[in-house]
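The values are calculated or read from the model by the stated rules, or taken from the named source; none is laboratory data. Bear in mind the structure is a predicted one, so any value in this text is a computation, not a measurement. Counting neighbours? That spans all protein chains shown, and the Cβs are built from the backbone with ideal geometry, glycine included. Note: areas computed on protein heavy atoms with side chains; ligands, DNA, RNA excluded. Shrake-Rupley method; radii C 1.70, N 1.55, O 1.52, S 1.80 Å.
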Amino acid sequence: MTRVAVLGVGKVGTAIARAALAAGHEVTVAGSGDPEPVRFITEIVAPGVAVAAAFDAVEGSEIVVLSIPLPKLASLDPEMLAGRVVVDAMNHWEPTDGALPAIFDGHATTSEAVAAHLVGARVVKALNHIGYHEMEADARGLDATDRRGLAAVSDDEAAARVVAEFVSSLGFDALAAGGLAHSAALEPGSALFAGSFPVADVARLLSEAGAQVHAAERLDSI
């Protein structure tokens, strides 16, 4: 069991929270303010998950999942997340988000921008290249022959492996790879973002993008 904090209670955040809870993890979700309205939402869409203020949710966690709109990145306190394994499950939707020059500031990928803002955090790009509606529908047991492959990409190999193991526990074959400069292979417009692939094809596509593939995790749901 892993203690997981999910920051963001939209469709993506609550889908990840439900999947993690179903896999046996201890899950706490948080919004951007008063936890009481969030508690009302989660009782309906993610029953069983704990609710707390963001600081309290992060404080007891081993993995923090960011599923907030990317334009709100600047609202996150880097000190709160320093030293934490942080999953960047966010995407840049330019038609609605705009170009966000203040966030990207010369960085080519969202995760590089996230890592630049969250100084000291162990940022891993993961869970952004699967639809929220697929988190539960595509999950499979360990013996299934059609487990979907997903990736966890980071400059921190140990953090990438931790997140790959977590993603694998949700019912997927997860691949750890590096580094963040190659996380564009998981972003909107990429083949991996647009499709569903077995883990061997995920490894091939990441390698073709220049990423260093570290390991594949095949772990059943807890």
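The alpha carbon gyration tensor of the range 112-192 gives principal lengths a ≥ b ≥ c with a/c of 1.5 or higher and a/b greater than b/c, which makes the shape prolate. When the charge dipole of the chain is built from unit charges on Cβ atoms (+1 for Lys and Arg, -1 for Asp and Glu) and taken about the Cα centre, the candidate among V12, S207, G141 whose Cα reaches farthest toward its positive end is G141. Summarising the strand pairing of the chain, around 25 percent of its internal DSSP beta bridges are antiparallel. In this simple spin-label model, placing a label point 7 Å from the Cα along the Cα-to-Cβ direction at both S207 and H107 gives a separation of 2.9 nm. Could you state the number of Å between the C-alpha centres of the range 141-179 and the range 1-75? The range 1-75 and the range 141-179 have Cα centres spaced 20 Å from each other. Using only side-chain charges placed at the Cβ, +1 for Lys and Arg and -1 for Asp and Glu, the dipole size of the chain relative to its Cα centre rounds to 220 debye.
In a fully extended conformation the segment linking S196 and T96 would gain 33.5 nm over its present Cα-Cα distance, using 0.36 nm per residue. What a 1.4 Å probe finds exposed on the range 3-213 is 55% carbon and sulfur by accessible area, rounded to a whole percent.
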